[in-house]
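Below is one structure; the comments refer to it alone.
The values are calculated or read from the model by the stated rules, or taken from the named source; none is laboratory data. Model, not experiment: these values are computed from the prediction. Cβ placement follows ideal geometry from the backbone for every residue including glycine, while neighbour counts extend to all protein chains displayed.
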Amino acid sequence: MTKKTAISEFIVERDKEKCITCQVCCRMCANDVHIHDIETDEIISDSNKCVGCHFCETLCPTGALVIKRNPSELKINANWTKEIINDITKQAETGGVLLTGMGCDKPYPIYFDHIVLNASQVTNPSIDPLREPMELRTYLGRKPEKIEIKDSKLEIEIAPLLRLETPILFTAMSYGSISLNACIALARAAEEVGILYNTGEGGLHKDLYKYGKNTIVQCASGRFGVYKEYLEAGAAIEIKIGQGAKPGIGGHLPGEKVSEEISQTRMIPVGTDALSPAPHHDIYSIEDLRQLIFALKEATRYKKPVGVKIAAVHNIAPIASGIVRAGADFVAIDGLRGGTGAAPKVIRDNVGIPIELAIAVVDQRLREERIRHQASIIAGGGIRNSADVIKAIALGADAVYIGTAALVAMGCHVCQKCYTGKCNWGIATQDPYLTKRLNPEIAKNRLVNLLRAWSLEIKEMLGGMGINAIESLRGNRDQLRGAGLSDTDLKLLGIKPAGEAW
Amino acid sequence: MVDKNQKRIIIREEYCMGCRLCEVYCLVQHSKTKNIIKAYKGEYPKPQPRIIIEEKGYLSFALQCRHCEDASCLEACITGAMYRDKKTGAVLCNEDKCVGCWMCIMVCPFGVIQRNRTTKKVASKCDLCLGEEIPVCIKNCPNEAIIFKEME
Amino acid sequence: MNHVIIGNGPAAISAVTAIREVDLKNKITIISDEPYLNYSRPLISYLLAKCINRERMPYLQSDFYKENNVELILNKKAQELDINKKEVILSDGKRIPFDRLLIATGGTPIISEIKGRDSEGVFTFTKWSDAEAIAHYIKTNKVKEAVILGGGLIGLKALEALMELKIKVTVIELADRILAATFDQQASKIIKIALEKKGCKVITNNTITQVKRQKAKIKSVVLKNKKEIKCELLIVAVGVKPNIELTQGTPIKINKGIIVDNFMQTNISDIYAAGDCCEAKDLLLETNRLIAIWPNATRQGKIAGYNMAGIKKEYQGSFQMNSVELCGVPTISVGITTPQEKDYEILKYLDEGKLVYKKLTLKNNKIIGAIFVREINRAGIYTGLIKDKVDVSSFKEHLLKEDFGLISLPKEYRKHLVSGAEIEV
C-alpha cells in the first residue's frame, strides 16, 4: 500500500473574489501546485505539493493567494510533535535518509539574542558616523610578529593579505548547489562592495574567472574542479575540512543537478552524483594538513593566503590551534546553524555547536598560545543581521561569512527544499527554466544594498560604542554583556553579565 | 526622424520567466475600467492585450510593436490611420480611421499587429501606453526582462 | 530647384515628405487631374458600401500641402511633356517648368471591347468619382441586380460593396478561377464558397461579348457561351494598366510601364517615376516589373523623393503583395504563389471544416511566396523572411505551425531583427 500519510505542511488559500484566473501561479510553480481546470475555468491548488516558498504569492497580481501553515493538527504533544511523526512516516515509506536544505531550524539557544552591546555616554563620547571617518576596512591573513621600520620604510616582509572594505564575506556556496546566475550575482556584488565570495566545492565556472581577485577558491575533499589555473585564478585558497550544516560527512550533489556545464566546471561526467568524501583521503593527521597547505602555497608561489574551513565541533579550540600551527593564514569556522544545499536532516539538526561559543573559545585559546596574530578567524553559521556581525567580531572574529542572509536578499524564503533542485526563485536549481528567474543584475543590486545597509548599521553601532575602527572592536569582549545566560555560558563566551560594570 | 531622447522597449529573452504578468497588465491597461478585477471578471468581451508572448521550451519573451524608425506599417496604411506620435515617437493606430484592411499585418516583419477581436474591425497593437510615464508591461515585469531605454 | 510631381497619390505624397525632410526651400508643385484634395483610392469600395463616409476618404491631414509648402494644381491634366525645354504642358495650355520631374500618374482601367459598352449603367471602378457615379445610378434606378466583369481584386471589392447594398451580384471571370493573379486553386475555392454562401453567383472561364440595352440603359449582358444574364448595372474590372499616356512622343523608355533604375530615375536624367505607372526592381524575379500596390508606391515615391532632393538612396526592390478581406474572410498573398517551374517546394496547411488555408512556396530553402486564408495572424513575419531571403532549412518544419513566431527563428537572426537598426539590445 502506497498511501501517503504524511500531513502536508502548508495549505494554499485562494480568495475566489480576487482570483482573476490569470494563471501566473500555474505557470510559475515548479512543484505543480496550481492547475487550471479548463472546463470550470478555475484554478485548483494541490496543497500537498506546496513547499512554502511563496513565489506564487509574491507574483499574484491581485494578492489572491495566502500560504499558511496547515492548521490540520494532531493532539498536542510536546514530545511527539507533528514534525517528528511526519519524519517517521516518510522514513517508513521510503526507507531512506531524510534530506533537507538550509540551516538548523531547531530551537537551540541563539546566544546572539542573549548578548547586548554597549553605548557610550558621558564618560566616553560616542562618535557620529555621518561626520567622522569610520574604518570598516579589514585585512585577513597572517600578521607579522612585530613591525620594524627603518628610514620610514618597512623592514620586514608581510605575508599576502586579503583586503575587505567591510568585514563581511559571502560564504562558500558551490556552483551546482546554486545556479550560475546566483554565482554571478555574488561575484559581481563582491567586486562592487570590495569583499570576496567563495566558490565552494563546485569549481570555478569559466565565466567567473574575470572576478578572480574577489574570489576565494575552495579545495574540498572531492577536489572538484581543482587544477592549476583554478588555484591561480583566486585571491586566496580555502581548504574545506568540514561545514557547519553537516560536520563529519562530505558533500552531495544529486546526479539530476549535474548538467553539461556543471560537468565541465567540476570535471566529472554528466549525470553522475558528485560525492565529496568525508575526510580528504590525503589528510589523516595534522601533519598531512600542513603538507597540503604548503603544497598549495608552493603551487601559488606564496602569493596567496591559504586557509582552512572547519565546522564548529566540541574540540574546536585545539583543532583551530593545530590548524594555525600547521601554517594556515585564516581559519574559517562554520557553526551549527550554517546552511547547506543538501544534508541529512538528522545531522544538520544535531551535529555541531553554535558559532558564538566557537568564536569565543577559539579566540581565547589562540590568544593564550600567543598565536592569535598568525591567522584570521572568519566566523559563519547563522549571521542574520548587522548586530550579529558586531557581536561576532567583538567575541573575537576578524570577519564573518554570510550565506543564508545573502540568499534571502536574492529572494529565498528558506523553504528548505534546495535539495530537490526545484527552487522557484532560480537560486538553488540548475533547471534552465527556473534559473532565468534570477536576474543577476537585480540580485547583485540587492546584495550590494544589503551589505551597504549592514555597513551603515555597523558604523552606527561602532559610533555608539565610541569606536571608530573595526580593528578596535576585535575581541573587545568588554563591549558585550550577557542577558539571561548561565554562568558557564558567560565564562565560555568570556563576557560579563548585563548589569556588571568594567 | 526619431529623437535620441525617446525611449523604446528592449527585450532581454535571457531573463523572461514566462509568467505573462506583462500580458495581464497590458490587458488591464487597454480595458474600459482599467481595474484588474473588473477587467477580467466584469468586462465583456474580454479586453485584448496588445503584447504577444512567444514561448518554446524554456525560452520565452514578450514581443510588442517596435515603433520602428522605418516603419513598414506606416507605409502600407491606406487610410492614414497609422501615424507617428511626435512626442514619444510611437507609431499609433487611429481606430476611428482604420477600416481593417490588414495591410499592416501583411508587412509587419515582427507580426505584432493583430486584428481587434473585441470592439470593432480595426488593427490593434502596442501604443507604448500613451499617457503613462512608463509602459505597464515594463513596470510590472518581475525580472526586468523588458526595459525602457533611450535609443543610442 | 523646381520639383514637379504629376499625380497626387501615395507615391507623390511620400515623395513630398522625403524631399521636405532634407529640403525646406525648393519649390514643389503637384499636378492632379482630379478635383479632390487628397483621398485613398482603395477606400472607394468602402465608400460605395457605405462603411465609411466622405470625411474619411482623405488619408492626410488637411493642412498637409500648406505645411509642406506644396503648390497643388487640381483638376488639370498633364497633357504633354517637353523634354528639351523641361516643361509640363497642361490641358489648358499652361506650361509648368521643372528641374526635376516625378511621374506618379498611377494606373488606368483597361477598357475591353464589348459591343454596347457605352450604354448607361456600365462603369469602371478606380476613382472616387466612379464610386459617386455608381452610387447615384443605383439610387436613381433602384438597382436590384448587377454583374461584375472581372474576378480580380477590384472586381471582388466592388462585388462586396454591392452585396453590402443588398444587390444581387454575378461575377464573371475569364480565367478558371477568381483572383487568378494572386491565388491558387485552393485559396480561390475557399473565397468562391464564401461568396456563394452570401448569395452571389460566380461564373468562371467566361466573359461578356455584348451589352444589351433598353432606352439607352443596360438591361442584360450576353456571355461568350451565349448565355444571357439580366442586370441593371455592370462594373467592368478586367484590369488596370499603367497610365503612361504622357510619355508618348518622348524618348522615355517604357514597357508596359515606365522603366526606372534602382534610383527611380527613367532613362532621361532628372525625370523619375514611381508607383503604379512604373516598372521597378522585383526582388524575387530580379527583373523590372509592374507591382501595383500601395506600400510599393509609398516606398518608391520616398526613394524617388530622396534622389530628387540630391540624396542618393537605392531602391531595394519589392514583390507582389496583397491583403483583402472578402465576405468576412481575411486573406493575404505575398510573392510568387503559383510557380510555373518544377524546382519549387510547396508547404501547405488546409482545414476544410474551418476553411483555413496556408501555403508557402520555397525555392532553394528560401520562402518566395505565401498565401494565408482566414488565419492571417503574423503573416508579416513571412513577408520579412521573403524580403531578407532567409534560409529556412533549420526551422522549416515549424513554419506552418500555429505557434510559429520569432522564437522559431535562429537566435542570431532574431536578435538582429529585434535590435537591428532600430533598437540596441
When only residues in the range C:406-425 that are within 8 Å of chain B (Cβ to nearest Cβ) and assigned to a loop (DSSP other than H, G, I, E, B) count, which is modelled with the lowest pLDDT?
C:Val425
Test set (1) of a type outside the set (A, V, I, L, M); (2) more than 14 Å from every other protein chain (Cβ to nearest Cβ); (3) in contact with an Asp or Glu (Cβ under 7 Å, 6 or more places away or on another chain) - A:Asn439 fails condition number
(2)
Filter the range A:398-410 for residues that are touching a residue at least 60 places away in the same chain (Cβ under 8 Å) and within 25 Å of A:Val51 (Cβ to Cβ); the one that is surrounded by the fewest Cβ atoms within 10 Å (Cβ to Cβ) is A:Thr404
Selection from the range B:121-149 of residues aromatic (Phe, Trp, Tyr) and within 14 Å of chain A (Cβ to nearest Cβ) yields none
Check the range A:68-82 and report whether any residue there is away from chain B (no Cβ under 14 Å) and within 26 Å of B:Tyr58 (Cα to Cα).
no
Which of the residues belonging to the range A:15-66 are part of a strand (DSSP E or B) and either in the same structural domain as A:Thr429 (by TED's automatic domain parsing) or within 20 Å of A:Lys436 (Cβ to Cβ) (or both)?
A:His34
When restricted to C:Gly317, C:Gly384, the only residue at positive phi, at pLDDT 90 or above and either surrounded by 15 or more Cβ atoms within 10 Å (Cβ to Cβ) or within 13 Å of another protein chain (Cβ to nearest Cβ) (or both) is C:Gly317
Does the range C:228-245 contain at least one residue that is assigned to a loop (DSSP other than H, G, I, E, B), exposed (fewer than 15 other Cβ atoms within 10 Å of the Cβ) and not small (Gly, Ala, Ser)?
no
Could you list, in sequence order, all residues of the range C:81-102 that are surrounded by fewer than 16 Cβ atoms within 10 Å (Cβ to Cβ), farther than 20 Å from C:Thr126 by Cβ and touching a strand residue (DSSP E or B) at 6+ places or on another chain (Cβ under 7 Å)?
C:Asp82, C:Arg95, C:Pro97, C:Asp99
Looking only at the range C:267-286, count how many residues are part of a loop (DSSP other than H, G, I, E, B) and either touching a residue at least 60 places away in the same chain (Cβ under 8 Å) or not assigned by TED's automatic domain parsing to the domain that holds C:Leu81 (or both).
5
The range A:387-439: number of residues that are of a type in the set (S, T, N, Q), within 21 Å of A:Gly335 (Cα to Cα) and part of a loop (DSSP other than H, G, I, E, B):
1
Residue check, C:Glu402 of a type in the set (Asp, Glu), surrounded by 19 or more Cβ atoms within 10 Å (Cβ to Cβ) and within 14 Å of another protein chain (Cβ to nearest Cβ):
no
Out of the range A:3-14, which residues are among the β-branched types (Val, Ile, Thr) and assigned to a loop (DSSP other than H, G, I, E, B)?
A:Thr5, A:Ile7
Considering only residues that are among the β-branched types (Val, Ile, Thr) and over 17 Å from the mean Cα position of the chain (by Cα), look in the range A:361-397 and name the one that is surrounded by the fewest Cβ atoms within 10 Å (Cβ to Cβ).
A:Ile371
Residues (in a helix (DSSP H, G or I) and surrounded by 24 or more Cβ atoms within 10 Å (Cβ to Cβ)) located in the range A:332-360
A:Arg348, A:Ile355, A:Glu356, A:Ala358, A:Ile359, A:Ala360
Which is modelled with pLDDT of 95 or more, part of a helix (DSSP H, G or I) and in contact with a helix residue (DSSP H, G or I) (Cβ under 9 Å, 6 or more places away or on another chain), of A:Arg452, A:Arg474?
A:Arg452
Hey, does the range C:67-80 have a residue that's exposed (fewer than 13 other Cβ atoms within 10 Å of the Cβ) and basic (Lys, Arg)?
no
Residues that are crowded, with 20+ Cβ neighbours inside 10 Å and within 10 Å of another protein chain (Cβ to nearest Cβ): find the strands (runs of 3 or more DSSP E) completely inside the range B:13-107 holding 1 or more of those.
B:52-56, B:59-63, B:82-84
The residue that is surrounded by the most Cβ atoms within 10 Å (Cβ to Cβ), considering only those in the range C:326-346 that are over 21 Å from C:Leu400 (Cβ atoms) and either within 11 Å of chain B (Cβ to nearest Cβ) or under 20 Å from the mean Cα position of the chain (by Cα) (or both), is C:Leu326
Looking at the range A:98-141, which of its residues are out of contact with any strand residue (DSSP E or B) (no Cβ under 6 Å at 6 or more places or on another chain) and polar (S, T, N, Q)?
A:Thr100, A:Asn118, A:Ser120, A:Gln121, A:Thr123, A:Asn124, A:Ser126
When you go through C:Ala379, C:Ala370 one by one, which is the residue that is within 11 Å of chain B (Cβ to nearest Cβ) and touching a residue at least 40 places away in the same chain (Cβ under 8 Å)?
C:Ala379
